[in-house]
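Only one structure is covered here, and it is reproduced in the block below.
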Amino acid sequence: MELDETNKECDTRSNERDNDNNKYFHKEHGRLFVVENPYGSEMWKLHSWESILNSRGIFAVKVQMCAAGLKDPLDPNFYIQKDTLIVSNSQVILEPLEGLKCPGVSANHCHRHNEQSRRSEQTQVWPQRFCEKLARGILNAISQMSAYPTRQELAESACPACRWRRRKDD
């Protein structure tokens, strides 16, 4: 899996069987999804996930959680740099997360490493800033969706019952 660190469409290579299995991951079916997992996770290497990532209309962005405010739970003067991959079928959802990159080590931004996994459980909690940006992206995406067909969509429908807003068995 080769992913750029920017919000872009993943590679479009996939075979027919995978396309058929992954069709429900696409917006055309009226569903949106977001998946978050560590960037180096073995999950992304599973055949099923490689197939999804290589499908048309799937987007990904790499986030460094220290830029979102992930602090060391044992010493809040330090940040934890945790690279995370966020995958979605909506680029709109991912847009607010763009730019969450480590600003670099400075007097105000020092990292502590997760020695012996002592901080693993605490660092699984998303920082507030990350949550706010993700929620903003989800709200932006669903505000662009319509739960009901527009009058134009009804008028253009091939189904007579739909055009007349009747049940199909009427």
Worksheet item: To the nearest 20 debye, what charge dipole does the stretch 36-141 have about its Cα centre, counting +1 at the Cβ of each Lys and Arg and -1 at the Cβ of each Asp and Glu?
Response: 120 debye
Worksheet entry | Per-residue ³J(HN,Hα) for the stretch 66-82, Karplus 6.51 cos²θ - 1.76 cosθ + 1.60, θ = phi - 60°, Hz, x for Gly and Pro | 5, 5, 8, x, 6, 9, 5, x, 8, 8, x, 7, 10, 9, 10, 8, 10
Response to the item:
Per residue, accessible area of the stretch 52-141 with a 1.4 Å probe, heavy atoms of protein chains only, in Å², comes to 49 Å²
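The values are calculated or read from the model by the stated rules, or taken from the named source; none is laboratory data. Note that the structure is a prediction, hence the values are computed from the model and not measured. Virtual Cβ from ideal backbone geometry, glycine too; neighbours counted across all protein chains shown. Note: areas computed on protein heavy atoms with side chains; ligands, DNA, RNA excluded. Shrake-Rupley method; radii C 1.70, N 1.55, O 1.52, S 1.80 Å.
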